[in-house]
Every structure is written in C-alpha cells, then in structure tokens.
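Notes to accompany the following structure.
The numbers here are math on the coordinates, done by the rules we state, and not lab data. Everything numeric here is computed off the predicted structure, so don't read it as measured data. Cβ placement follows ideal geometry from the backbone for every residue including glycine, while neighbour counts extend to all protein chains displayed.
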Amino acid sequence: MRRDVFQAIADPVRRNIIELLADQSRTVNEVAEHFDISRPAISKHLKILKECGIVVLNKQGREFHCHIQPSSLVPAFLWMQQHKHLWEDRLDSFEAYLSDLKEKRNDK
C-alpha cells in the first residue's frame, strides 16, 4: 500500500511522534517512553511515518535512531495554506454563533 503524508498526520499519535522528533532525533525506545502504548504499536506508527518519508530510521549498533524529514511535510502544509481561508471563515462564523448564544443566556 502506498501511503502519503495526509495518512501520516491523520493519526494523533503520529502527529505527537512528529512533534517529539522535531526537537531532536531519538531512538525507538526513547520515542516509546513518551507514550502509553506498547512498543510494537510505536514501531507500527514509525513504520507508517517511514513509508511516508517523514521519518528516517538509521541503525547504529543495536538501536534504531529516528530522524525527522521536515521537507516531506511540505505538501500537507501547502494544502492547508491553500484552504486556510475556508477554516478561518468557518471558525469566525462559529465564534459569532457562540457569542450570540452567550448573549441570549445573559439576557434571560
């Protein structure tokens, strides 16, 4: 199965792994220490990130070191930038709706 960057960032655990690796490279075990899920589950998430080209795994001795490839996230970033105005308009509309509700409650 061919995976893309959108599949990678769709999962909150994978987004958290990306954030973690953005600070510095870490071993698979160091990544796993930051999550309350099994080591095999972390390995599966890393495999998906690797298939998408977001993470590179390098073996050094008995450890695999995970490195982020930020350029792989560019397509998702560009897509989000293209559609940013749609989300901003919807969030503005939702905020106005919530303000109206709040005012109606305060008037009662």
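Name the most mobile residue of 54, 17, 37, meaning the one with the largest mean-square fluctuation, in a Gaussian network model of the chain with Cα contacts below 10 Å.
37
Please give, to one decimal in nm, the separation of the simple spin-label points placed at residue 94 and residue 63, each 7 Å out from Cα toward the Cβ.
Using points 7 Å along Cα→Cβ, the separation is 4.1 nm.
I'd like to compare 87-94, 71-78: which one has the highest average count of other Cβ atoms within 10 Å, and what's the full order after that?
On the way: 87-94: 10.0, 71-78: 13.0.
The densest-packed peptide leads the list: 71-78, 87-94.
Multiply the residue gap between residue 107 and residue 27 by 0.36 nm, knock off their C-alpha separation, and tell me the result in nm, one decimal place.
Contour length minus Cα-Cα distance gives 23.1 nm.
Of all GluC sites (Glu not before Pro) in the stretch 1-79, which ones are in loop regions per DSSP and have a Cβ with at most 16 other Cβ atoms within 10 Å?
Passing sites in the stretch 1-79 are 33.
Take every Cα pair under 8 Å in the chain that's 6+ residues apart, average their separations, divide by the length, and report that relative contact order as a whole percent.
Averaging sequence separation for qualifying contacts and normalising by length gives 26 percent for the chain.
Normalised radius of gyration for the chain, please: alpha carbon Rg relative to 2.2 N^0.38 Å, two decimal places.
Against the empirical 2.2 N^0.38 Å value, I get 1.48 for the chain.
Taking the Cα centroid of the stretch 56-108 and of the stretch 1-55, what is the distance between the two, rounded to the nearest whole Å?
18 Å
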